[in-house]
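Trainee: Structure below; questions to follow.
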Amino acid sequence: MQFKLFLTFKYWYSMQLYNKLSAKERAELIQEAGKDRLTLSFYKYAKIGNPRIFRNHLFINWDQMEVLGRIYVANEGINAQLSLPADRFDEFKNHLDSITFLENVRLNIAIEHDNMAFLKLKVKIKNKIVADGLNDHTFDVRNKGIHVNAETFNELIDDENTILVDMRNHYESEIGHFKGAMTPDVDTFRDSLPIIEEDIKAHKEEKKLVMYCTGGIRCEKASAYFKHKGFKNVYQLEGGIIEYTRQVNNKNLENKFVGKNFVFDQRRGERISEDVIAHCHQCGQPCDTHVNCANEACHLLFIQCEDCKTDMDNCCSTKCQEVHSLPYEKQKELRKGQGNSNDIFKKGRSEVLKYKKDLK
Ligand SMILES: [Zn+2]
Ligand SMILES: [Zn+2]
């Protein structure tokens, strides 16, 4: 009996709570289904007593709705980026509404969709839903900045008394940002806070500090942090660049964002204005297409134009090109014992990228 129970448990555990398919199998299924998928994101700070139970609840329900994506669950809340078949949206929305703290949560729905944006459903338990490096017990995280919509945001950034700060990382603001924004040259959100504070600390009292990020989540903590540090007038763009763009289009407002909005899925970026403000990191010509180096041992995130893509076989350097041209088994052998040198979204910098260095 006990043995049987164990088997049942094992079956349930392996079949329901984790991915059954590889990315390749999933891609084929999506292709075969031929259904349009929606890409969306949302987050919510809320007290979650048992993240594991919550995580499993989400996985079981969303897996059967064919939801794919990357979802972080922590004691402090949830941060989700995902895609699902468009015709299952109502079902998904009803499920969200059945969870008290997610009822009517704002969903940031992408402008450009890619059916292959996500190929697995990963619901991970984390210490925090954003790696901010902050000790939340040292300040009041609920004392946030004032949320503003696109219209008010436009007015604020026209104001001479405003300091506009981009809370994202260098590779994100490089391909697109609001006109006149400070774009800190940082690799992580954690690094950006003290750097920004140092740059603008003389204006704590009299200036308006206005901040924005991709979907608003980073500003939720950052605005409270800057208020704690003594900034008197702190504002944040509600719903970030994604929601701003939606409002600009719906209400026919002036768009003050130039270039592309970097996103953390296979699409890499959504075009917001026709301006191409970045350059190919290899030849310097105007380009804002992020790629990952094709050498799996490198995987560096960088900007590459079509010409260089062809010349370099999708690689960041001749060294990677050589490795990439070897038989797969040989490549695997070379990789043995060496960790992945560049995590996908982390670096975006390398000595081999001539034009990235020049731009710094
Ligand atoms: Zn190029
Ligand atoms: Zn490389």
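Trainee: Mind counting the residues in region 106-131 that are open to solvent by less than 60 Å² (accessible area, probe 1.4 Å) and within 25 Å of ILE53 (Cβ to Cβ)?
Mentor: First pass over region 106-131, keeping only residues open to solvent by less than 60 Å² (accessible area, probe 1.4 Å): 107-108, 110, 114-119, 121, 123, 128-130.
Going one step further and asking which of them are within 25 Å of ILE53 (Cβ to Cβ), we end up with 107, 118, 121, 123, 128-130.
Summing the residues that are open to solvent by less than 60 Å² (accessible area, probe 1.4 Å) and within 25 Å of ILE53 (Cβ to Cβ) in region 106-131 gives 7.
Trainee: Further question: Quick one: in region 258-312, of everything that is basic (Lys, Arg) and open to solvent by less than 50 Å² (accessible area, probe 1.4 Å), which residue is modelled with the lowest pLDDT? Explain how you work it out, then say what you get.
Mentor: Step one: of region 258-312, the residues basic (Lys, Arg) are 260, 267-268, 271, 309.
Now drop any that are not open to solvent by less than 50 Å² (accessible area, probe 1.4 Å), which leaves 260, 267-268.
On the way: LYS260: 96, ARG267: 82, ARG268: 86.
Out of the qualifying residues, it is ARG267.
Trainee: If you go through region 182-213 one residue at a time, how many are under 20 Å from the mean Cα position of the chain (by Cα) and open to solvent by 20 Å² or more (accessible area, probe 1.4 Å)?
Mentor: Residues of region 182-213 under 20 Å from the mean Cα position of the chain (by Cα): 182-193, 211-213.
Right, trim to open to solvent by 20 Å² or more (accessible area, probe 1.4 Å) and you get 182-183, 185, 187-188, 190-191.
Of the residues in that region, 7 qualify.
Trainee: Which of (1) within 16 Å of ligand 2 (Cβ to nearest atom); (2) not in a strand (DSSP E or B) is the odd one out, the single condition LEU253 does not satisfy?
Mentor: It fails just one condition, (1).
Trainee: Condition first: among the hydrophobic types (A, V, I, L, M, F, W, C), assigned to a helix (DSSP H, G or I) and within 29 Å of ARG349 (Cα to Cα). Can you find one or more residues in region 203-216 that meet it?
Mentor: Within region 203-216, the subset among the hydrophobic types (A, V, I, L, M, F, W, C) is 209-211, 213.
Okay, now just the ones that are also assigned to a helix (DSSP H, G or I), so none.
No, region 203-216 contains no residue that is among the hydrophobic types (A, V, I, L, M, F, W, C), assigned to a helix (DSSP H, G or I) and within 29 Å of ARG349 (Cα to Cα).
Trainee: Would you call CYS283 assigned to a loop (DSSP other than H, G, I, E, B) and in contact with a strand residue (DSSP E or B) (Cβ under 9 Å, 6 or more places away or on another chain)?
Mentor: Values: assigned to a loop (DSSP other than H, G, I, E, B): yes; in contact with a strand residue (DSSP E or B) (Cβ under 9 Å, 6 or more places away or on another chain): no.
Criteria not met by CYS283.
Trainee: A further question follows. Filter region 313-330 for residues that are over 14 Å from SER350 (Cβ atoms) and outside any helix (DSSP H, G or I); which is most open to solvent (accessible area, probe 1.4 Å)?
Mentor: PRO327
Trainee: Any idea which of (1) out of contact with any Leu (no Cβ under 7 Å at 6 or more places or on another chain); (2) open to solvent by less than 10 Å² (accessible area, probe 1.4 Å); (3) of a type outside the set (Val, Ile, Thr) is the one ASN135 doesn't satisfy?
Mentor: With (1) out of contact with any Leu (no Cβ under 7 Å at 6 or more places or on another chain); (2) open to solvent by less than 10 Å² (accessible area, probe 1.4 Å); (3) of a type outside the set (Val, Ile, Thr) applied to ASN135, the lone miss is (2).
Trainee: Please determine, by comparing only the residues of region 278-312 that are closer than 27 Å to TYR212 by Cα and touching an Asp or Glu at 6+ places or on another chain (Cβ under 7 Å), which one is farthest from ligand 1 (Cβ to nearest atom).
Mentor: Of all residues in region 278-312, those closer than 27 Å to TYR212 by Cα come to 278-281, 286-292, 300-304.
After this cut, where a residue has to be touching an Asp or Glu at 6+ places or on another chain (Cβ under 7 Å) as well, the list is 278, 303.
Working: ALA278: 11, ILE303: 8 Å.
For region 278-312, the residue satisfying everything is ALA278.
Trainee: Also, quick follow-up: Looking at LEU164, LEU156, LEU209, can you tell me which residue is of a type outside the set (Ser, Thr, Tyr) and in contact with a Gly (Cβ under 7 Å, 6 or more places away or on another chain)?
Mentor: Details: LEU156 fails: in contact with a Gly (Cβ under 7 Å, 6 or more places away or on another chain); LEU209 fails: in contact with a Gly (Cβ under 7 Å, 6 or more places away or on another chain).
The match here is LEU164.
The values are calculated or read from the model by the stated rules, or taken from the named source; none is laboratory data. Values in this document were obtained by computation on a predicted structure and should not be read as measured data. In this analysis, Cβ positions are derived from the backbone assuming ideal geometry, glycine residues included, and neighbour counts consider all displayed protein chains. Ligands, DNA and RNA are stripped out before the accessible areas are found, and what is left, the full protein with its side chains, is counted by its heavy atoms. Shrake-Rupley method; radii C 1.70, N 1.55, O 1.52, S 1.80 Å.
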